[in-house]
Amino acid sequence: MSPGDLRGCPGRSRRTTLHPGAWWLWAVSLGTAATRTTNPLLLGLLIAASGYVVATHRSPAPWARSYTAFVKLALAVLLVRVVFAVALGSPIPGTHTLLTLPEIPLPHWAQGIRLGGRVTAEAVVFAAYDGLKLATLLVCVGAANALASPTRLLKSLPGALYETGVAVVVALTFAPHLIADVQRLRAARRLRGRPDRGVRGLLQVGLPVLEGALERSVALAAAMESRGYGRTAEVPARVRRTTAALTLGGLLGVCAGTYGMLTAEGGSYGLPVLLAGVAAALAGLRLGGRRSLRTRYRPDPWGPRAWLVTGSGAAVAALLTLASVRDPQALHPGVVPLVAPALPLWPAAAVLLALLPALVPREHP
Amino acid sequence: MIRFEDVSVTYEGAAEPVVAGVDFEVPEGELVLLAGPSGVGKSTVLGAVSGLVPHFTGGTLRGRVTVAGRDTRTHQPRHLADVVGTVGQDPLAHFVTDTVEDELAYGMESLGLAPEVMRRRVEETLDLLGLAGLRDRPIATLSGGQRQRVAIGSVLTPHPQVLVLDEPTSALDPAAAEEVLAVLQRLVHDLGTTVLMAEHRLERVIQYADRVVLLPGPGEPPVVGAPAEVMAVSPVFPPVVDLGRLAGWSPLPLTVRDARRRAAGLRARLSARAETGSVATATAAGPVTATAGGEAAVAAGRRASGAARVGTGGAPSGGGAVPAPASGHSLGRPRHGAPDVPSPRRSLFRRRPAAAPAPRRPPIADVRSLSLHRDRVRALRHVNLTVAPGETIALMGRNGAGKSTLLSSLVGLLAPTAGSVTVGGLTPHRTPPPTLVREVGLVPQDPRDLLYTDTVAEECTAADRDAGAAPGTCRALVSGLLPGIADDTHPRDLSEGQCLALALAVVLTARPPLLLLDEPTRGLDYAAKARLVAVLRGLAAEGHAIVLATHDVELAAELAHRVVLLAEGEVIADGPTAEIVVSSPSFAPQVTKILAPQRWLTVAEVRKALA
């Protein structure tokens, strides 16, 4: 690979890169929208819209390839859900029998579980709708991964959490490195004349792979150490103590507040305690940031385009939530009796708002 | 700037200190080279400067190391990060972020520099190291040389006063290495940076060093002095010094330029010898080829006790285009069942096909218009290559030119996108591994990949089983290549050279007629390299075809009959070593440059001619 080869490669320039948080918010909003409906037409529309935006805006980086993996995972989830409904039966009453599987009689104590038996069209359709909802959620997460690396998102963490963030990121890269190692060592097995496929092959390279991964982790730790990772500023003891008190107190407040919110008798004090706890914890984080010397290199700006992307996602989520309240029939097509799902017009139009980011000029013309 | 005061380091569990009596000072703004054979503790000395030894590695450090006035006993590595920049042997282990630009900024972020300063320095460093075109690239997609430059850049951005580098050019092609060294020199000259580096390839770096710290042996105190003085006593030295010692020049020349200015007398002596014919093979028409051929033939003859053939092998009739393993391989392995071919063999694609009779033996490997895509990048395009028995081919070219990809396709690790690869009549990527190992063996870039078990003996038993060879075959090979290695040694405790020898033995157990080596000299010192050269020569004489991908021009000059140059996945030159390397400024070995216009490749040839 020479620089010459790369000119044609659609690189992404930092100057024009969208804030990774915008993509994640957009994707999470689409996921939220997906949980509001089981209408396969709307869900399909959501998948198509997110897929289109990924196709136009994804980066050439290796992590962007994870989209395909997520799509495959989503398909698997859908399939498993349907297979379960077929094999284990479903509480959905139905009249349209598709086929009858031989039912396996289960002992008395396993009452309520059924293996085999009548498979109704209603049950299958219900399972498919449900599975599709989950699959859409997964595809949305995959889209976020493809559009913005989680590493870049972690860069936007507050200073006090940065070092933890780096540790998390390093841990995250452990897995891809491990996979690369396995591939390399399986190739090496081939060089020794052993079959490079099969489970046994995988097991035999296990130990060398782990050894190699550990060695690399130690080497990385040494490199990070010698590059100044973990340097802290001297802060007065008073500030340190205040930080600890605020953080601990804040977290306790959050716990107590949540408990109060959830229990019946704590309705009066729950919310204020929760809010106070959150505020104290945030203050603690902010103060803790003083210990960190770090500065940020070219933080991603949050510009109008980021607003547009986030806004489009939020609009879809809000409109579908509204629609699910206003018109639950259209968003949850009935399965008993079985009817063909209709495309509700204005919710569908709302979903199309998710396509707005595709109109944002591509980062690298 | 760096001061060692009677330092010795003992690692936990070791009886003897790794280094002892280290006592020297590196003044500000000097480039100091740390030299010595493998395993004398060069990395330990470097680690002591950055504080990683002993804070990170454990062990006991006696004495005192101070860097810019800071004592490493009281300063953690992270608190030395603003004065010392360290790049280890493996650049991949060094990276924390995933794009080039972020990586360059990482160190500065840790030190808390102001954003505008970071911005300026990143841009400067991108230009300084020629990385501007790669700034947004994920590091995972870079080639070896690019990674090395990013690693150096990432420690340069905090503007450290001291730069510590462990083998910075070992993985690089000659041009990239010169680029990196030019950058280092610029830092020393313009910014007053102090540089301490360890490097095995002295021929690349010795000329830039202000002083040399030589560690002659494990636990022995270092010898410090001017490069020429130290080289006079050093057990490791580049070819230019070897030639200087041979010719008795004093002070020793360290650069090709110095040597050339003194070489007039030597050149005259050499041409006089050639004319009087005291060396039968050094004919005026092509001393190099003939000599190389003669040497190979001598080796072949010795091996096969066919001394009578040496004369015929050493004087190829066709003007010296064909290297001379001809006489050697005819005695070689009967695997392919070909009868002895008494006349010198010629390949089809030589420049003078008219003079060459059609080869009677089929080539071992045949690559026809091979194209290969890897991750949507075209790694190889329309590559043609034929490997004949007994032939040694050096694949050379930039980092990322496709050398490793070509080797991988020859062992079937990668399937061709278009074109065909045939090895011993088989299609490698469709052949089951147990069959394929008997046709072709590859020693990968990191030979440790091939080793799985806990002891050398187990490794050998496994190799015999894998290859279906008689028990003891591998162990016999190991003893031949690596005398005095105990059965119960753990492969991870072996030095680079020993590991390579063990991996080579494992691969050779199946007796493949075609042997591939990917960067075999990486991390080897001169002694280990010389042993490797002797071993490979012997194998070639036995009829093994050898293909090596290498950046080491000296190795190619010593071993290869043919050099194939790759660039951007295409073959740009293919011909006898002498023709290809002599005509290329970056691939010519030092001896060739010094003695031009006469065509000599190695000191060994010169020594023999003078004898």
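The values are calculated or read from the model by the stated rules, or taken from the named source; none is laboratory data. Since we're looking at a predicted model, the values are computed, not measured. Using ideal geometry, Cβ is built from the backbone for each residue, glycine included, and neighbour counts are taken over all protein chains shown. Note: areas computed on protein heavy atoms with side chains; ligands, DNA, RNA excluded. Shrake-Rupley method; radii C 1.70, N 1.55, O 1.52, S 1.80 Å.
Being away from chain A (no Cβ under 13 Å), in contact (Cβ under 8 Å) with a residue 24 or more places away in the chain, more than 20 Å from residue A:184 (Cβ to Cβ) and in contact with a strand residue (DSSP E or B) (Cβ under 7 Å, 6 or more places away or on another chain) is the requirement here; does residue B:418 meet it? Show your work before the answer.
On the way: away from chain A (no Cβ under 13 Å): yes; in contact (Cβ under 8 Å) with a residue 24 or more places away in the chain: yes; more than 20 Å from residue A:184 (Cβ to Cβ): yes; in contact with a strand residue (DSSP E or B) (Cβ under 7 Å, 6 or more places away or on another chain): yes.
Yes.
Residue check: is residue B:538 open to solvent by 10 Å² or more (accessible area, probe 1.4 Å) and small (Gly, Ala, Ser)? Judged against the criteria, residue B:538 is not a match.
If you scan segment B:594-611, which residues turn out to be under 19 Å from the mean Cα position of the chain (by Cα) and open to solvent by 40 Å² or more (accessible area, probe 1.4 Å)? Talk me through it step by step, then tell me what you get.
Applying the first criterion (under 19 Å from the mean Cα position of the chain (by Cα)) to segment B:594-611 yields B:601-604.
Once the filter is applied, which keeps residues that are under 19 Å from the mean Cα position of the chain (by Cα) and open to solvent by 40 Å² or more (accessible area, probe 1.4 Å), segment B:594-611 yields only B:604.
Screening segment B:1-52 for residues that are of a type in the set (S, T, N, Q) and outside any strand (DSSP E or B) and picking the one that is nearest to residue B:192 (Cα to Cα) gives B:50. Only residues that are open to solvent by less than 50 Å² (accessible area, probe 1.4 Å) and within 10 Å of chain A (Cβ to nearest Cβ) were counted across segment B:397-415, and they come to 8. Within the option set B:548, B:559, B:524, B:514, being modelled with pLDDT of 90 or more and more than 18 Å from residue B:577 (Cα to Cα) holds for one residue only, B:514.
If you go through segment B:376-396 one residue at a time, how many are within 11 Å of chain A (Cβ to nearest Cβ) and in contact (Cβ under 8 Å) with a residue 60 or more places away in the chain?
Going through segment B:376-396 one residue at a time, the tally reaches 2.
Among the residues of segment B:424-434, at least one is under 29 Å from the mean Cα position of the chain (by Cα), in contact (Cβ under 8 Å) with a residue 40 or more places away in the chain, away from chain A (no Cβ under 13 Å) and assigned to a loop (DSSP other than H, G, I, E, B).
Counting only residues that are assigned to a helix (DSSP H, G or I) and open to solvent by 50 Å² or more (accessible area, probe 1.4 Å), segment B:451-478 holds 5 of them.
Restricting the first member to segment A:228-256 and to residues that are on the phi > 0 side of the Ramachandran plot, and the second to residues that are assigned to a loop (DSSP other than H, G, I, E, B), the beta-carbon pairs closer than 6 Å and six or more apart or on different chains are A:228/B:81.
Residue A:28 meets all of the listed conditions (1) surrounded by 19 or more Cβ atoms within 10 Å (Cβ to Cβ); (2) closer than 27 Å to residue A:347 by Cβ but one, namely (1). Of the residues that make up segment B:158-169, is at least one facing chain A (nearest Cβ under 8 Å) and either among the β-branched types (Val, Ile, Thr) or surrounded by fewer than 20 Cβ atoms within 10 Å (Cβ to Cβ) (or both)? Within segment B:158-169 (the criterion being facing chain A (nearest Cβ under 8 Å) and either among the β-branched types (Val, Ile, Thr) or surrounded by fewer than 20 Cβ atoms within 10 Å (Cβ to Cβ) (or both)), the answer is no, since none of the residues qualifies. Here residue B:558 clears all of (1) touching a residue at least 12 places away in the same chain (Cβ under 8 Å); (2) surrounded by fewer than 24 Cβ atoms within 10 Å (Cβ to Cβ); (3) not in a loop (DSSP other than H, G, I, E, B) except the condition numbered (2). Inside segment B:451-501, residues that are under 15 Å from residue B:523 (Cβ atoms), modelled with pLDDT of 85 or more and at the interface with chain A (Cβ under 10 Å from one of its Cβ atoms) make up a count of 0. Checked against (1) over 27 Å from the mean Cα position of the chain (by Cα); (2) outside the structural domain of residue A:178 (by TED's automatic domain parsing); (3) open to solvent by 60 Å² or more (accessible area, probe 1.4 Å), residue A:307 meets all criteria but (1).
Determine which single condition residue B:189 fails, assuming it passes every other condition in (1) in contact (Cβ under 8 Å) with a residue 24 or more places away in the chain; (2) at negative phi; (3) open to solvent by 10 Å² or more (accessible area, probe 1.4 Å). It fails just one condition, (1).
Please count how many residues of segment B:115-157 are open to solvent by 20 Å² or more (accessible area, probe 1.4 Å), within 19 Å of residue B:191 (Cα to Cα) and not in a helix (DSSP H, G or I). Adding up the residues that qualify gives 1. Within segment B:85-96, the set of residues being crowded, with 20+ Cβ neighbours inside 10 Å and facing another protein chain (nearest Cβ under 7 Å) comprises B:86, B:88, B:94, B:96.
Residues are listed down the side, and each one gets a yes or a no for (1) in the same structural domain as residue B:518 (by TED's automatic domain parsing); (2) part of a loop (DSSP other than H, G, I, E, B); (3) modelled with pLDDT of 90 or more:
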position	(1), (2), (3)
B:401	yes, yes, no
B:407	yes, no, yes
B:421	yes, no, yes
B:442	yes, no, yes
B:449	yes, no, no
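Please go through segment A:46-57 and give me each residue that is in contact with a Leu (Cβ under 7 Å, 6 or more places away or on another chain) and surrounded by fewer than 21 Cβ atoms within 10 Å (Cβ to Cβ), ordered by number. Of everything in segment A:46-57, just one residue is in contact with a Leu (Cβ under 7 Å, 6 or more places away or on another chain) and surrounded by fewer than 21 Cβ atoms within 10 Å (Cβ to Cβ), namely A:52. Within segment B:224-235, residues that are assigned by TED's automatic domain parsing to the domain that holds residue B:196 have Cβ atoms under 6 Å from residues that are in a strand (DSSP E or B) and among the β-branched types (Val, Ile, Thr) in these pairs: B:224/B:213; B:227/B:212; B:230/B:212; B:230/B:223, counting only partners at least 6 apart in sequence or on another chain. Looking across segment B:102-121, the residues that are in contact with a Pro (Cβ under 9 Å, 6 or more places away or on another chain) and under 13 Å from residue A:298 (Cβ atoms) come down to B:108, B:113, B:115, B:121.
Out of curiosity, is residue A:287 more than 14 Å from chain B (Cβ to nearest Cβ), more than 28 Å from the chain's Cα centre (by Cα), part of a helix (DSSP H, G or I) and surrounded by fewer than 18 Cβ atoms within 10 Å (Cβ to Cβ)? It is false that residue A:287 is more than 14 Å from chain B (Cβ to nearest Cβ), more than 28 Å from the chain's Cα centre (by Cα), part of a helix (DSSP H, G or I) and surrounded by fewer than 18 Cβ atoms within 10 Å (Cβ to Cβ).
Of everything in segment A:181-190 that's within 8 Å of chain B (Cβ to nearest Cβ) and either open to solvent by 20 Å² or more (accessible area, probe 1.4 Å) or touching a residue at least 40 places away in the same chain (Cβ under 8 Å) (or both), which residue is farthest from residue B:512 (Cα to Cα)?
Looking only at segment A:181-190, we keep the residues that are within 8 Å of chain B (Cβ to nearest Cβ), and these are A:184-185, A:187-190.
Now narrow it down to the ones that are either open to solvent by 20 Å² or more (accessible area, probe 1.4 Å) or touching a residue at least 40 places away in the same chain (Cβ under 8 Å) (or both): A:184, A:187, A:190.
Values: A:184: 22, A:187: 18, A:190: 14 Å.
Only one residue fits best here, namely A:184.
Please go through segment A:209-262 and give me each residue that is among the basic types (Lys, Arg) and either surrounded by 13 or more Cβ atoms within 10 Å (Cβ to Cβ) or within 14 Å of another protein chain (Cβ to nearest Cβ) (or both), ordered by number. If the condition is that a residue be among the basic types (Lys, Arg) and either surrounded by 13 or more Cβ atoms within 10 Å (Cβ to Cβ) or within 14 Å of another protein chain (Cβ to nearest Cβ) (or both), then A:216, A:227, A:231, A:240 are the ones that fit. Among the residues of segment A:92-123, those identified as in a strand (DSSP E or B), of a type outside the set (Lys, Arg) and surrounded by 13 or more Cβ atoms within 10 Å (Cβ to Cβ) are A:98, A:101, A:115, A:116, A:117, A:119, A:120. Looking only at segment B:151-163, decide whether some residue is at pLDDT 85 or above and either under 18 Å from the mean Cα position of the chain (by Cα) or more than 22 Å from residue B:52 (Cβ to Cβ) (or both). No, there is no match, as no residue in segment B:151-163 is at pLDDT 85 or above and either under 18 Å from the mean Cα position of the chain (by Cα) or more than 22 Å from residue B:52 (Cβ to Cβ) (or both).
Under the condition of being among the polar types (S, T, N, Q) and over 25 Å from residue B:403 (Cα atoms), which residue from segment B:124-155 is farthest from the other protein chains (Cβ to nearest Cβ)? Result: B:125.
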